[in-house]
Amino acid sequence: MRALADVPDDQEAKQFVVAAPPGTGKTSHAIALMAATVRAADKDDLSKPFGCLFVVDQIKKADDMYRQINELLPGQVAVWTTDHDVNSTTAKIHVPHDRRFDVDQLEQRAIAVVTQAFLRGPRGDKARQVIRGDHRVPRALTIFDEQTKEVEVYDIKHWQAVKLQQAFESDRRFNERKSKLDPLIDFLRAQSKKTGNFIETPNDHPKDWKVAHELEWFAGEVAEQFVLTNGRHIENLEEVFGFAAQMYRNYAFIYRRGGGEMGSSFVAYVPAPTPEGNSILLDATADIDGVSKLVSWRTHIDVPQVGYDNLHIVHAYDYTRDNLNDFLRLSANLRKYAEHAERLILEIMREGARGLIVCKKRLAEDKLFLKRRDAAPSDSQPTNRFPIDWEGRHLAVTWWGGHGIGANDWKEADYVFEFGEHYLPMRTMFATVQGLRGHKATMGMLWETKSTNVIPEEVNLATEGHLLRFTKQLGMRGRARKFDSNGTCGRQVLVLTCDFERLLVNADKLFPGASLSKWGRTEDSLDDLKQPEKLLEIMTEPEAPESISGDDIAKRMGADKWGLVSTNVNDTEDQGEGIAEPWVDL
């Protein structure tokens, strides 16, 4: 078997993408492939690439994968996360002694299982290599499972660093760490005083950014270990230390919207690891996430197509079109949004069925919204996967960005409800694009773009791909992830409140074969919509005649004749293009 890690010097290493849908056995096949790779390895030449690396996004998944692989290759597998560390005393999940390892044991086992965060860190090479006799060689095969975050982004404000320093001052054990923060805090304080809508990088004011050279300690193993040990109980520690480390490495910039303490965001990113050897990505949404259009090292593998004929999509407009992060801060708005969500669920979902709610974390934790719930939501799901009883409807809750993107916990759900979308701040998307391309802050897009009012095409592409990815990933948590022998998904209803135009444009890429209906439209529904949205609503009405004149459409849109609306309908400049963060959902 030729090792995937063997790449000719004149060729770029590739990441082979297997974008098979959720529930089609990608992980099971990967486990069998890893076992075969180890068993078929050349036992005479110990200088060749050997063994496998399996990379996951969550600690719980790392634990599950270790147990499955270890059944096939007992004693040849090691797993390392903060919970699996042999010295860990703050584990989130229970890990018995026989599943705990020292980080140095990773390179001593044929197969290593780690998280994406560890692989991006300063000790990542301990997982990428394996010891064979007197040789330290690269892994023959690396498999990424559900790569939810190719680029790690740290986004901080000046006050967060100050608050961290105050935490150090209040605990004498951390006094020596306090002084490490002084140069960074001086820099953040000075830069927070500037105003305007622009992006600043080290190229713009080299003298100010020279302070980065004083932050080398944050990029070392001592700082990493300090975060691993204390990150769960010291607020802002991981974010501030992460920013400082990447500022030292020249992967940081300032994103200003108005300026001042709240308008100046300090953003840093850890670049996506460019493949050193060929690898495999198992990700059901890698065909729609936009990443392959931004990098050269991805190669897609043809996989059998499936059908979503048993999936019915219901589109409902969300209760508000305001920034949900701001809207839900007011208790009155939270109550109104919860009432709207509850009414939608009760009207669409049949009694006796099981369903999953995907929403903002603030809503998921709200006692009013979950007034019928027996237990609070948590990352560790209870035995009863659907503990909420709403008039005979059995429900579970997860939130955007939380537990769920690769989970099988709710595979018996008949309904999945997605409230809102998983928007990320525009500054996060800038950092993501830079990181995907491996560009330092003084290169590429950040070199060319200085105004935060201008959104480059590649940022829009990454944003669109991110939204589509989470819409599909979370939408496929229920029965739709069960495919029969003909490649047809299980019966499920998926209720979406996403942008209607985006859904229509991408429906065939997201869920080919699925049916679509609309909920909650009234006679007055069109009043609050922009003209392109009104047109979409009129043209997608089930009762719409086979033909309709432009003037009749115009009257329904509130104009006397088509000529008065057609210009605005086709004018994208009137749709908010170029305005940063109109609907940021943090």
Pick from the stretch 81-99 the residues that are within 11 Å of Asp63 (Cβ to Cβ) and among the charged types (D, E, K, R): which of them is modelled with the lowest pLDDT? Lys92
So for the stretch 58-74 (the condition being among the β-branched types (Val, Ile, Thr), closer than 22 Å to Gly121 by Cα and modelled with pLDDT of 95 or more), does at least one residue qualify? no
Filter the stretch 320-336 down to the residues that are in contact (Cβ under 8 Å) with a residue 40 or more places away in the chain and under 13 Å from Thr497 (Cβ atoms), then identify the one that is surrounded by the most Cβ atoms within 10 Å (Cβ to Cβ). Leu324
Checked the stretch 173-192 for anything of a type in the set (S, T, N, Q), assigned to a helix (DSSP H, G or I) and closer than 17 Å to Ile156 by Cβ; matches are Gln191
Criterion violated by Val240 - all others in (1) surrounded by 22 or more Cβ atoms within 10 Å (Cβ to Cβ); (2) closer than 22 Å to His439 by Cβ satisfied: (2)
Enumeration of residues in the stretch 131-189 that are among the hydroxyl-bearing types (Ser, Thr, Tyr), at pLDDT below 90 and closer than 30 Å to Asn408 by Cβ: Thr148
Is it true that Val77 is within 16 Å of Leu141 (Cβ to Cβ) and touching an Asp or Glu at 6+ places or on another chain (Cβ under 9 Å)? no
Top-ranked residue of the stretch 403-435 - restricted to ones that are touching a helix residue (DSSP H, G or I) at 6+ places or on another chain (Cβ under 9 Å) and among the aromatic types (Phe, Trp, Tyr), ranked as modelled with the lowest pLDDT: Tyr423
Which members of the stretch 300-332 meet the condition of being among the aliphatic types (A, V, I, L, M) and more than 23 Å from Ala19 (Cβ to Cβ)? Val314, Ala316, Leu324, Leu328, Leu330, Ala332
Quick one: which strands (runs of 3 or more DSSP E) lie wholly within the stretch 381-435 and hold at least 3 residues that are hydrophobic (A, V, I, L, M, F, W, C) and in contact with a Pro (Cβ under 9 Å, 6 or more places away or on another chain)? 393-399
Mind counting the residues in the stretch 62-98 that are of a type in the set (Asp, Glu) and in contact (Cβ under 8 Å) with a residue 24 or more places away in the chain? 3
Matching residues in the stretch 391-405 - criterion: being of a type outside the set (A, V, I, L, M), crowded, with 20+ Cβ neighbours inside 10 Å and under 17 Å from the mean Cα position of the chain (by Cα): Thr398, Trp399, Trp400, Gly404
Residue selected from the stretch 365-377 under the condition surrounded by 20 or more Cβ atoms within 10 Å (Cβ to Cβ) and in contact with a strand residue (DSSP E or B) (Cβ under 7 Å, 6 or more places away or on another chain), by the criterion modelled with the highest pLDDT: Leu370
Based on what the data block shows, is Thr442 at pLDDT 95 or above, under 29 Å from Leu356 (Cβ atoms) and surrounded by fewer than 22 Cβ atoms within 10 Å (Cβ to Cβ)? no
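The values are calculated or read from the model by the stated rules, or taken from the named source; none is laboratory data. Note that this is a predicted model, so its numbers are computed, not measured. Here Cβ is always computed from backbone atoms with ideal geometry, including for glycine, and neighbour counts include all displayed protein chains.
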